[in-house]
Amino acid sequence: MQASACCCEIYVYAHTIHGNIDKKCDMKAIRLPCYCGSLRQASRVVTQLYDQKLKPSGITITQFGILKLLAACPGLSTGSLAEALAMDSTTLTRTLKIIQENGWIAVTTGDDRRKRCWSITPTGRQHLEQAEPLWKSAQQEFARLAHDVDLDSLTRTVFQLVQKVGE
């Protein structure tokens, strides 16, 4: 009995009810009481915005970030990339494989045979250069949409969270 009441509470919490609880309702984004859920919710919508803007280049925002980092710091190991981007190694490895298959990055063996070091290829640099104006457009669009938010403070606060929670 209690599970049913809990489900009903979640249903009511997540939906705008128009009379009958069984009636299908249009969903809209809701404010979540969970810090993690709220950050993930924001991350999803911002990622969708950037991915949409970058779509003509064939690069996702995640791939763009990795390519930018490798353009600035060639030869980073998988572990260093994961640490710098605060990404788990499984997700990073999967993304690196896709980027490598596209010919945008190359891998070499490090000092230790198990260590893999990554560098951007000329093709990857070319794609990155083509994506740069699209990324700038996404930045401008986000700034326009968040015109009432102090974006410098936002990025500073998010970075502080990454440092504190990721310790």
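The values are calculated or read from the model by the stated rules, or taken from the named source; none is laboratory data. In this text the structure is predicted, and so the values were computed from the model without any measurement. Glycine gets a Cβ as well: all are built from the backbone with ideal geometry, and neighbour counts include every protein chain shown. Calculation scope for accessible area: heavy atoms of the full protein, side chains included, ligands and nucleic acids excluded. Shrake-Rupley method; radii C 1.70, N 1.55, O 1.52, S 1.80 Å.
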**Item:** Flag for Leu54 being closer than 29 Å to Gln140 by Cα, part of a helix (DSSP H, G or I), under 15 Å from the mean Cα position of the chain (by Cα) and of a type outside the set (Gly, Ala, Ser)
**Value:** yes
**Request:** With the condition kept exactly as written, say whether any residue in region 80-92 is more than 25 Å from Cys36 (Cα to Cα) and at pLDDT 95 or above.
**Result:** no
**Item:** Check on Ile66, farther than 21 Å from Thr121 by Cβ and aliphatic (A, V, I, L, M)
**Value:** no
**Message:** I'm checking my understanding of the structure. Among residues of region 46-78 that are more than 25 Å from Val165 (Cα to Cα) and of a type in the set (Gly, Ala, Ser), which one is most open to solvent (accessible area, probe 1.4 Å)?
**Reply:** Ala72
**Unique residue being among the β-branched types (Val, Ile, Thr), modelled with pLDDT under 95 and in a loop (DSSP other than H, G, I, E, B) when the list is Val149, Val162, Val158** = Val149
**Item:** Selection within region 66-122 - assigned to a strand (DSSP E or B) and among the hydrophobic types (A, V, I, L, M, F, W, C)
**Value:** Leu76, Ile105, Ala106, Val107, Cys117, Trp118, Ile120
**Message:** Suppose we keep only residues that are open to solvent by less than 70 Å² (accessible area, probe 1.4 Å) and among the aromatic types (Phe, Trp, Tyr) within region 130-167. Which one would you say is farthest from Ile61 (Cα to Cα)?
**Reply:** Phe142
**Message:** So, in region 139-166, how many residues would count as being among the hydroxyl-bearing types (Ser, Thr, Tyr) and more than 17 Å from the chain's Cα centre (by Cα)?
**Reply:** 1
**Conditions (1) in contact (Cβ under 8 Å) with a residue 12 or more places away in the chain; (2) out of contact with any strand residue (DSSP E or B) (no Cβ under 6 Å at 6 or more places or on another chain); number of the one not met by His147** = (1)
**Asked** Does any residue in region 99-110 that is farther than 15 Å from Arg125 by Cβ come within less than 9 Å, Cβ to Cβ, of a residue that is among the charged types (D, E, K, R) and part of a strand (DSSP E or B) six or more places away or on a different chain, and which pairs are these?
**Response** Val107/Arg116; Thr108/Arg116; Thr109/Arg116; Gly110/Arg116
**Asked** Looking only at region 79-108, which residues are among the hydroxyl-bearing types (Ser, Thr, Tyr) and either open to solvent by 80 Å² or more (accessible area, probe 1.4 Å) or under 14 Å from Gln63 (Cα atoms) (or both)?
**Response** Thr90, Thr91, Thr93, Thr95, Thr108
